[in-house]
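Here's the structure, in structure tokens; my notes come after.
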Amino acid sequence: MSNLLVYGSYGYTGRLVVATAMERGIEPVLAGRNLSELEAQASEWGLTYRTFDLQRPEIVKQQLSTVDVVLNCAGPFVHTHEPLLDACLETDTDYLDITGEIEVFESIAARDEQATDAGVTVLPGVGFDVVPSDCLAVHLHDAVSQPSKLALGFESLGTPSPGTARTMIDGMLSGGAIRTDGEIRTVPAGWNARTIDFGSGERTAVTIPWGDVSTAYHSTGVPNIEFYMALPSWAIRGTQLTRYLRPVMNTPPVKSGLESLVDRLIDGPSAEQRRYGETRLWGEVTDEESGKTRVARLRTPNGYALTAKTAVESVVRTLDGEPADGFQTPATAFGPEYVMEFDDVVRRDAMVPRSAQVQ
């Protein structure tokens, strides 16, 4: 019997996760809805597979009852997390996923007491969303005495996977999000722009509804949180334009057309891009007492390459019983230095006056 079931194992990121698990000596059960994809993947790796959708709770519960950990790689996770989590709580199966969706984190966090009572670890966001940024958030929080505001962000030259692109479309059509005075607030897409040096020169970045708007609060308690992504000027204008086009773009024909376009045009980063690409993250915490702003930066491998490693390592540690029961974030489960344990991750710290421009 395998201790791990990977749901959505044949998607772009799921395949990377399975390959990494096999390198670590873990033989996962492959799972998902697509029989032909599962058969081909199982034949390639010599693994067992289970074909099931998430519409029938009793079937889902039956399929999870013989494994110790489920790793959900099937996005958008707003559609998949709840039935899998429901079954996990009934079968004493720990739940992990690679989501970056705010509403998914909030939904799962709301079930902390239920998961704790069930003796189940619930740990979403064990990929690039949100391992490095969550660790960076706690690192910054711990560096000042009275953190009152946290800003995080990243820049990446890589292309997204099809699943990520579809999730980004959903997020874009839902508008933006920030956290103010402890509460998540909906704001227009591209609500705020600022100049940020992620470590390779100044870039213009805009607020996006990234998962840390949820998780950084649960990890640090900082009440005011914004998340930024560096984008070229044309992409910023396009993002802001969706404020006015959302009613049209949210109609089923248009949304379906956008998703079909993603499937036809986006394949995800190549093996070479994953090997040589990198992502830069930035964080800034404001200390209310001293009036100082502390900045830290992370440089990591390509986000998908990192996701495969952090997801599998998180599974290994969960199988070993390291994280506590209940809802966890990566940093609360494994500590703020967790991301530093992976190859080619570098962190730099700086302190500047609050009034100074970020360098």
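The values are calculated or read from the model by the stated rules, or taken from the named source; none is laboratory data. For clarity, every value in this text was computed on a predicted model and none was experimentally measured. So basically every Cβ, Gly included, is an ideal-geometry build from the backbone, and we count neighbours across all protein chains shown.
Structural remarks
- Which listed residue, of L47, L16, L30, L38, is over 18 Å from T318 (Cβ atoms) and either assigned to a loop (DSSP other than H, G, I, E, B) or basic (K, R) (or both): L47
- Residue-level analysis places A331 outside the set of residues that are assigned to a strand (DSSP E or B) and either modelled with pLDDT of 95 or more or of a type outside the set (D, E, K, R) (or both).
- Looking across region 12-32, the residues that are touching a residue at least 40 places away in the same chain (Cβ under 8 Å) and either crowded, with 22+ Cβ neighbours inside 10 Å or basic (K, R) (or both) come down to T13, G14, L16, V17, A21, R24, P28, G32.
- Residue that is assigned to a helix (DSSP H, G or I) and surrounded by 15 or more Cβ atoms within 10 Å (Cβ to Cβ), where the choices are V60, V70, V78: V60
- Residue in region 230-240 that is modelled with pLDDT of 80 or more and crowded, with 16+ Cβ neighbours inside 10 Å present: yes
- Residue match in region 40-56 (condition: crowded, with 17+ Cβ neighbours inside 10 Å and acidic (D, E)): no
- Number of positions in region 175-221 that are within 21 Å of F128 (Cα to Cα) and assigned to a loop (DSSP other than H, G, I, E, B): 7
- Subset of region 194-220 (residues that are in contact (Cβ under 8 Å) with a residue 60 or more places away in the chain, within 15 Å of the chain's Cα centre (by Cα) and surrounded by 22 or more Cβ atoms within 10 Å (Cβ to Cβ)): P209, W210, G211, D212, V213, S214, T215, A216, S219
- When region 81-102 is limited to residues that are without any contact (Cβ under 8 Å) to a residue 40 or more places away in the chain and of a type in the set (D, E), the one that is surrounded by the fewest Cβ atoms within 10 Å (Cβ to Cβ) turns out to be D92.
Each row is one residue, and each column tells you yes or no for (1) assigned to a loop (DSSP other than H, G, I, E, B); (2) under 22 Å from the mean Cα position of the chain (by Cα); (3) farther than 16 Å from P83 by Cα.
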residue	(1), (2), (3)
I108	no, yes, no
T116	no, no, yes
D134	no, yes, yes
V138	no, yes, yes
